[in-house]
1. Would you point out the residue of region 55-76, among those that are under 17 Å from ILE8 (Cα atoms) and exposed (fewer than 14 other Cβ atoms within 10 Å of the Cβ), that is nearest to the chain's Cα centre (by Cα)?
2. Kindly provide the set of residues from region 167-196 that are loosely packed, with under 14 Cβ neighbours inside 10 Å and either closer than 19 Å to GLY43 by Cβ or of a type in the set (Gly, Ala, Ser) (or both), ordered by number.
3. Would you please name the residue that is surrounded by the fewest Cβ atoms within 10 Å (Cβ to Cβ), looking only at residues in region 87-138 that are touching a residue at least 40 places away in the same chain (Cβ under 8 Å) and of a type in the set (Ser, Thr, Tyr)?
4. Take the residues in region 33-68 that are more than 25 Å from SER3 (Cα to Cα) and assigned to a strand (DSSP E or B), then tell me which one is modelled with the lowest pLDDT.
5. Could you check how many residues of region 112-141 are outside the structural domain of PHE215 (by TED's automatic domain parsing), among the aromatic types (Phe, Trp, Tyr) and touching a strand residue (DSSP E or B) at 6+ places or on another chain (Cβ under 8 Å)?
6. Go through (1) modelled with pLDDT under 95; (2) in a strand (DSSP E or B) for LEU151 and report which single condition fails.
Amino acid sequence: MTSYQEIIDQFRADITNAGMVFKEAIIADGVLHRVYVEGDKTGTKNGAYVLHADGKPSGYAEHFPSGFKIIWSLSVQREPLSLSMRRQIEDHRKLRNLERKHRQKEAAKKARFIWSKAKPINESIQHLYLIRKQIKPYLARLYKGALLIPLFNESRELVNLQFIDASGNKRFLAGGKKKGCFSVIGDSAKAERERLLICEGYATGASLHKELGVFVMVAMDAGNLEQVAQAARRLFPEAEIIVAGDNDASGKGQAEASKAALAVSGKYLIPDQAGADWNDVLSAGVA
C-alpha cells in the first residue's frame, strides 16, 4: 500500500529525475499550480503541475520555456484516504482559492493604478512592437517603455495588464486574473447586431479588426480561447462568433480554436501557412 505522502514524494522524485526541479510544497488537489523552477529567472513561475491523489494517482508537470512535459501515474495500489485526510485536502484547496482571489484582487488594484498613470497613444511609431507588427495601438498605452494592453473581466472591469517590450517579450501582472478575461478592439455594438472575432494575441486582433472592421476579443493565449468564447456568448447571445486560431506546429492553436468554436456553436478559421497567425498573414498581404 502507498500512503498519501508517499504519492507526493514519488511524484516529486520522478519529475525531479526527469529534469524539472522545484522546492514548493506539492498539493495533490487536482488543480493546476504554477511554480518557480530552479535555474529560471528569479520571480518567474514557468513551471506547472497537477496531481490527483484520489482513485489511481496521476499527474502532469511542464516547464514552458524548455518544452519539458511529463504525464505521471502511480501503478502501486495505495491506502484509501482517510476522512481526516480528505478534509485536510479540501481545507487546503479552499485556502488556496482564497489566496488566489486575494492575489487577483490586489493585482486588479495595481492594474487600475498603472493604467491611470500610463500614456494614451494613437500612432504606431510610438512603440517598436507596433511598428514591427504593422498595427495601430487602439486601446494600448505606454508605461515605462512597455506597451500596455488592458484585460477585462466579463463585467467590463479592468483586472490585469499585459506588458510588451520593444522585442515583443510579454508578461502579465503577477497574481492577476487571466482565465476568462480578454482585451477588446473595436465597437462592441457591432457584435450585438452582427458578428465578433476571438483570437489569441493583441497584434492578431488588431490586424483582424483593421482588415474586417469587426469587434475583436483577445484571449491572450490558446488555452483561454474557450473561456473567452463562453463569455462572449453570454455577453452577445445573438452574435455570430468566429474563433481565429493560430496555425501552430504543435497543433494546439488549431485544437483550442476548434474546441472554443464548438462550445458556443460558432466557427473557426486557421491560416493555411504552417506556424502562422493572422497577423503574419495580413501584414504580409497574402490573406
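The values are calculated or read from the model by the stated rules, or taken from the named source; none is laboratory data. In this text, all values refer to a predicted model and were calculated from it rather than measured experimentally. Quick reminder, even Gly has a Cβ in these numbers, built from the backbone with ideal geometry, and neighbours come from all protein chains shown.
1. The residue in question is ILE71.
2. SER167, GLY168, ASN169, ARG171, ALA174, ALA189 - these are the residues of region 167-196 that are loosely packed, with under 14 Cβ neighbours inside 10 Å and either closer than 19 Å to GLY43 by Cβ or of a type in the set (Gly, Ala, Ser) (or both).
3. Across region 87-138, the extreme among qualifying residues is TYR138.
4. So, considering only residues that are more than 25 Å from SER3 (Cα to Cα) and assigned to a strand (DSSP E or B), the one modelled with the lowest pLDDT is PHE68.
5. 1
6. Looking at each condition in turn, LEU151 falls short on (1).
Let's see how each residue does on (1) out of contact with any helix residue (DSSP H, G or I) (no Cβ under 6 Å at 6 or more places or on another chain); (2) buried (at least 16 other Cβ atoms within 10 Å of the Cβ):
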residue: ASP248; (1), (2): yes, yes
residue: GLY253; (1), (2): no, yes
residue: SER265; (1), (2): yes, no
residue: ALA276; (1), (2): yes, yes
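Matching residues to (1) of a type in the set (A, V, I, L, M); (2) more than 25 Å from ILE135 (Cα to Cα); (3) more than 15 Å from the chain's Cα centre (by Cα):
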residue: ARG193; (1), (2), (3): no, yes, yes
residue: TYR202; (1), (2), (3): no, no, no
residue: ALA206; (1), (2), (3): yes, no, yes
residue: ALA239; (1), (2), (3): yes, yes, yes
residue: GLY251; (1), (2), (3): no, yes, yes
